[in-house]
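**Student:** Here it is, the structure, as structure tokens.
Since every read-out is calculated from the coordinates, none of them should be taken as a lab result. Here the structure is a predicted model, which is why all the values come from computation and not from measurement. Note that we place each Cβ from the backbone using ideal geometry, even for glycine, and neighbour counts take in every protein chain shown.
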């Protein structure tokens with residue numbers, strides 16, 4: 001928040017917290033303390049704002065006077081004034097961004113008119129100027145408008161005393177097992193509360209007390225203990241939430257021009273203290289929902305963003321006696337649990353033959369309903385009996401749940417085979433009108449026939465509407481980049497994940513994105529310096545990472561295909577990970593990662609009986625049958641097979657995606673694969689682009705985003721220099737306007753021109769480090785800005801002033817970044833030495849190293865007790881062409897097997913690969929970790945911890961020695977000579 005960047009803020013909060021005192025009721029104490037904080041912060045902020053406004057006004061005038069002198073003599077004075085002004089503007093900048101609610105723009109430039117415009121526009125939209133009351137009378141007086149809303153919601157949230165609850169629930173199966181019950185009933189902990197607080201959206205819309213969750217996150221040292229105690233009092237002991245359970249109701253328009261109260265959807269803005277409790281319960285509940293909710297319920301959609309809300313202030317309060325509050329983190333889960341009763345009733349009717357389901361495609365899947373939150377599709381035959389059954393079920397559910405079917409928003413879609421008389425009878429019985437077009441379900445066309453262009457043309461309209469309503473002149477190139485990626489490209493993404501859009505639609509969308517990026521007037525576009533194909537390339541290849549929507553469409557659809565894939569050989573990029581080998585065909589499947597074709601190419605002998613990979617594995621020893629594979633395969637194939645670790649736990653074979661480290665398909669990997677295949681088809685070589693390392697260096701610059709974008713434009717030769725303008729026939733002469741001697745290219749304007757050299761000769765000597773490169777980048781942008789000023793008739797700035805301005809900008813940027821990092825990072829103490837385990841436990845350190853050229857890895861394992869004595873040591877090397885992570889995972893597996901073989905049951909494993917601690921995935925390393933944990937099930941107590949290399953240097957030395965071994969070397973209660981000195985030194989610590 002804007003005021004948090006001031007050091008005085010924490011002092012104000014601390015004083016208010018101490019002055020409030022502590023009562024026996026945690027909730028009352030917190031409420032009182034927050035109220036005092038609010039008053040103290042408001043008083044302090046008003047005083048601070050007056051001071052900042054005066055600094056900005058006076059400072060801007062003084063800077064203007066000093067700049068007009070143009071001699072560079074006042075650089076120091078200007079820098080001091082500028083720092084004061086920027087500090088004041090930064091606070092104002094953050095405040096306007098918060099008011100504008102543009103969460104997509106996380107890393108843009110300093111404050112612009114855009115945020116002022118957005119905040120003002122939101123204020124206009126949020127106003128409700130008239131509403132119809134229950135009698136149909138239009139009310140325009142603000143107090144009467146509030147009364148209409150209050151009466152409606154008081155009635156809406158008053159209980160109807162529902163009956164028939166038991167009848168609704170009688171068809172539901174018992175799905176909670178003992179483990180689930182134990183999970184739900186175990187006591188809540190302080191760690192859960194803390195994790196909930198720090199995972200909440202920092203600047204989400206606050207509740208009645210006005211504090212967003214960021215207030216608690218930033219002041220956790222002050223209020224953390226009390227928040228945890230308050231939450232645990234309720235969660236574990238059932239204390240009341242009444243002190244914090246008050247809520248603002250905010251309204252989202254359901255239609256374009258709302259006129260009635262029912263045209264608004266109420267969203268609750270709860271206090272953060274309540275949301276902490278609710279979200280903690282939701283986090284506990286969501287782990288078991290997949291096991292207890294029927295697949296007919298896809299998910300819960302909480303609605304549009306809070307940033308689209310229309311706020312209404314009420315003069316009266318009311319106490320609800322029923323209802324699920326949209327905006328309460330727990331409500332989505334409660335809603336789908338309630339809807340599970342309706343789902344069970346419909347499935348029971350189908351099982352009894354009362355309802356006829358529809359068949360999905362040609363497969364065996366049949367459904368009679370689909371739920372997505374409160375949007376529902378019910379299917380049955382157009383018969384009186386079945387319609388009556390559906391209505392009876394809905395009536396029973398209404399009586400039991402208190403929810404009521406909105407017949408005004410409901411419709412019946414009849415097939416073409418239904419007679420007109422049957423349609424009229426069914427509509428009369430149901431009290432619902434028919435429709436020939438289901439319009440959209442969940443934002444997508446329900447029926448897509450041959451007129452695909454018409455079905456998806458709304459995507460073009462929505463995208464163009466966004467672009468045409470934005471004032472692009474308020475954005476820098478860096479801001480436009482974020483806007484294009486975060487907002488415009490996201491508009492068609494949902495539809496593209498389900499449908500292959502017509503090529504004409506994606507072409508038009510790409511055209512709109514292109515026009516937005518380069519800018520346009522009402523009748524014409526501005527100069528497009530680079531084609532869209534290059535802009536949509538990767539950033540490390542000279543592009544900007546924009547997405548070609550046609551290729552993205554295919555990548556998104558491929559994600560759906562990956563999920564439902566049943567044929568393992570249908571896609572080129574799939575590789576089978578060997579588990580027990582029972583699912584993999586030796587001769588047809590791709591299962592050997594180290595081979596060029598990733599599969600066996602040696603012809604199969606006619607008398608060969610081996611078919612599955614399991615046929616060439618010794619089932620007892622869990623090793624490859626070397627004598628058999630030497631008869632069947634080539635030398636290269638034999639080496640590739642022997643380099644594959646065999647699962648010790650007997651896990652099943654797994655289909656994985658080749659182009660990601662964890663073996664799972666991602667849209668990003670699919671998109672870049674598609675672009676690479678496109679380039680190969682047209683014969684384009686990636687070597688045409690500048691060295692990837694150069695482009696990576698550009699994007700790694702620690703400078704403001706606008707400066708990085710400027711450097712990219714300079715390197716891509718797309719600055720509007722005189723040479724480029726002449727090439728586009730905008731000007732006739734390309735001579736530099738400053739030196740009047742050479743043609744003005746990007747290199748000349750920023751480096752070769754005498755005006756630029758005046759700056760560089762005072763600044764740069766020798767080879768540049770990363771910090772100096774940052775300064776060069778900012779300086780080039782300031783030089784370009786000076787060039788533009790001269791072009792438009794302003795004074796030529798002195799080189800000293802250019803250098804001072806560049807350094808000031810970079811210094812302010814670095815300070816802002818350091819504050820951001822410091823506010824969000826936690827101090828980590830680096831352990832530099834090995835530490836002894838607790839008495840009764842053994843410490844196992846392992847390490848692994850990769851010899852890429854030889855295709856082998858070395859592994860070292862050392863086991864020591866609480867006195868530092870060596871219990872066992874292992875040196876081994878294996879044929880493996882994989883990543884460092886794969887090698888570390890292999891080392892963990894051998895360490896676990898070693899411990900099991902010598903009977904260790906209490907062990908603490910330590911390695912320097914943090915990735916090994918993460919959840920196992922379907923990469924080779926992930927599979928090895930799964931095997932290691934399977935081996936560890938025989939141990940009574942075990943743990944895996946991350947340490948830095950300094951704390952496991954003995955294992956590292958064993959790894960180096962492992963390359964010299966021709967076979968595995970085991971030492972039991974003997975210390976190998978290569979580590980004797982190191983072990984003695986660590987033992988004495």
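**Student:** Kindly rank 218-224, 729-735 from highest to lowest mean number of other beta carbons found within 10 Å of each residue.
**Tutor:** Those peptides, ordered most packed to least, come out 218-224, 729-735.
**Student:** If we sort 339-346, 702-709, 32-39 on the protection proxy, mean other Cβ atoms within 10 Å, highest first, what's the order?
**Tutor:** With the highest mean Cβ count within 10 Å placed first, the list reads 339-346, 702-709, 32-39.
**Student:** Kirkwood hydrodynamic radius (Cα pairs, Å) of segment 701-824?
**Tutor:** The answer is 15.4 Å.
**Student:** At what distance in angstrom do the alpha carbon centres of segment 188-253 and segment 395-411 lie from each other?
**Tutor:** If you average the Cα positions of each part, the centres end up 34 Å apart.
**Student:** Something else: Just to be sure I understand the model, the point goes 7 Å from the Cα along the line to the Cβ. What's the resulting residue 236 to residue 286 distance in nm?
**Tutor:** Once both label points are built, they end up 2.4 nm from each other.
**Student:** Which order results if 813, 989, 588 are arranged by neighbouring Cβ count within 10 Å, fewest first?
**Tutor:** The order, fewest Cβ neighbours first, is 989, 588, 813.
**Student:** Right, here's the next one. Starting from the Cα of residue 867, step 7 Å toward the Cβ, then list every residue of segment 924-957 with an amide N under 14 Å from that point.
**Tutor:** none
**Student:** For residue 757 and residue 533, FRET efficiency with R0 = 22 Å and r from the beta-carbon atoms, rounded to 0.05?
**Tutor:** It comes to 0.05.
**Student:** What percent do you get for the relative contact order of segment 701-824 when only Cα pairs under 8 Å and 6+ apart count?
**Tutor:** Taking the mean separation of contacting Cα pairs over the length of segment 701-824, I get 26 percent.
**Student:** Taking 0.36 nm per residue of sequence separation and subtracting the Cα-Cα distance, how much length would be gained by fully extending the chain between residue 681 and residue 374, in nm to one decimal?
**Tutor:** Fully extending the segment from residue 681 to residue 374 adds 105.8 nm.
**Student:** Using just the C-alpha positions of segment 826-985 as equal point scatterers, what log10 of I(q)/I(0) does the Debye formula give at each q in 0.09, 0.16 1/Å?
**Tutor:** The Debye formula, applied to the Cα set alone, gives -0.26, -0.85.
**Student:** Extending each Cα 7 Å along its Cβ direction at residue 697 and residue 171, get the distance between those two points in nm, one decimal.
**Tutor:** 7.0 nm
**Student:** Sort 501-513, 41-53, 843-855, 142-154 by the packing proxy (mean of other Cβ within 10 Å over each peptide's residues), most packed first.
**Tutor:** Top of the packing list down: 843-855, 501-513, 142-154, 41-53.
**Student:** Can I ask one more? Which FRET efficiency value, to the nearest 0.05, do you get for residue 358 and residue 666 by plugging their Cβ-Cβ distance into 1/(1 + (r/R0)^6) with R0 = 45 Å?
**Tutor:** 0.85
**Student:** Now a separate question. Please work out whether segment 338-445 counts as rounded, prolate or oblate from its C-alpha gyration tensor, where a ≥ b ≥ c are the square roots of the eigenvalues and a/c under 1.5 means rounded, while otherwise a/b larger than b/c means prolate and anything else oblate?
**Tutor:** Rounded, since a/c falls under 1.5.
**Student:** Also, quick follow-up: How far is it, in nm, from the label point at residue 8 to the one at residue 452 when both lie 7 Å from their Cα along the line to the Cβ?
**Tutor:** 6.3 nm
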